[in-house]
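Please treat every number below as a calculation from the coordinates, not as lab data. Only a predicted model underlies this, so the values are computations on that prediction, with no experimental measurement involved. All Cβ positions, glycine included, derive from the backbone under ideal geometry; neighbour counts span all protein chains shown.
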Amino acid sequence: MEVIERTDEQLAADAAREGSDGVAFVALVERFRQRVWRICYRLLGNEQDANDAAQEVFVRLFTHRAKFEGRSKYATWVHAIAVRTCLTIRRGRGRRRKHEDTTSEEQWDNQHPQQEPGQPALALDLMRMLEILDEEDRAMLILKYAENYDYEELAEIFSLSVSACKMRLSRAREKLQKRFPDQTP
């Protein structure tokens with residue numbers, strides 16, 4: 001059977017047995033390159049960080065290729081590694097840049113006062129709005145609404161129950177609606 005006819009799970013099993021330049025792992029990288037980069041870009045917000053993160057994801061996939069146990073779809077496992085990698089990068093970046101470029105909610109309010117009723121609302125950048133959420137809630141919202149993941153996939157990626165995912169998404173939406181009442185439906 002040719003590589004392109006094999007499932008992700010079959011290729012993952014082959015990749016676990018092959019050497020560093022194996023055909024199966026190369027095929028998996030090719031299959032997931034765009035999806036992983038897109039997740040990284042959505043979670044990190046810029047092209048350079050997304051490129052660095054995607055590269056790190058594939059290094060982790062390679063070094064942990066024998067650890068895929070098949071309890072979930074291979075795609076879900078890959079996406080979970082991508083999300084965890086990006087969250088780690090964001091947390092590290094946040095600590096380094098905390099005093100440089102992170103604006104607190106109070107500073108944001110002072111710089112962008114609420115519009116009077118009747119005036120057109122400020123066009124706030126969605127990514128700026130999402131910055132008020134904690135890292136995992138932000139990632140979960142992006143994966144749910146920008147990447148169209150279902151609750152079961154999110155539960156698997158974030159090691160939560162489906163009901164916990166629904167609750168966290170609901171609370172994150174409520175927080176955004178409370179903070180930006182004129183910007184959210």
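Which trypsin sites (Lys or Arg not before Pro) in the range 18-74 pass both tests, a DSSP loop state and at most 12 other beta-carbon atoms within 10 Å? Show your work: numbers first, answer last.
Values: sites: Arg31, Arg33, Arg35, Arg38, Arg42, Arg60, Arg65, Lys67, Arg71, Lys73; in loops: Arg71, Lys73.
Here the sparse-neighbourhood loop sites are Arg71.
Calculate one ³J(HN,Hα) per residue across the range 48-53 by plugging θ = phi - 60° into the Karplus curve 6.51 cos²θ - 1.76 cosθ + 1.60, and present them in order as whole Hz with x for glycine and proline.
Ordered by residue, 3J(HN,Hα) equals 5, 4, 5, 4, 4, 5 Hz.
Would you mind ranking His64, His79 so that the residue whose beta carbon has the fewest other beta carbons within 10 Å leads the list?
Details: His64 12, His79 24.
Lowest to highest Cβ neighbour count: His64, His79.
Give the lysines reachable from Lys166 as a straight Cα distance under 16 Å; neighbours fewer than 8 places away on the same chain don't count.
Result set, ordered by chain and number: Lys144, Lys175.
Please work out, to two decimal places, the log10 of the ratio I(q)/I(0) at q = 0.15, 0.18, 0.31 Å⁻¹ from a Debye calculation in which every Cα of the range 122-180 carries one identical scatterer.
-0.41, -0.58, -1.37
How would you rank Leu126, Leu141, going from fewest to most other Cβ atoms within 10 Å of each one's own Cβ?
Numbers: Leu126 13, Leu141 18.
Listed from fewest to most nearby Cβ atoms, that is Leu126, Leu141.
What is the ratio of the Cα radius of gyration of the range 1-98 to 2.2 N^0.38 Å, with N the residue count, to two decimals? Display every interim value, and only then the final one.
On the way: Rg = 14.1 Å, N = 98, 2.2 N^0.38 = 12.6 Å.
For the range 1-98, the normalised Cα radius of gyration is 1.13.
Provide Glu131, Glu153 in ascending order of the number of other Cβ atoms located within 10 Å of each residue's Cβ, fewest first.
Working: Glu131 15, Glu153 21.
Ranking Glu131, Glu153 by Cβ neighbours within 10 Å, fewest first, gives Glu131, Glu153.
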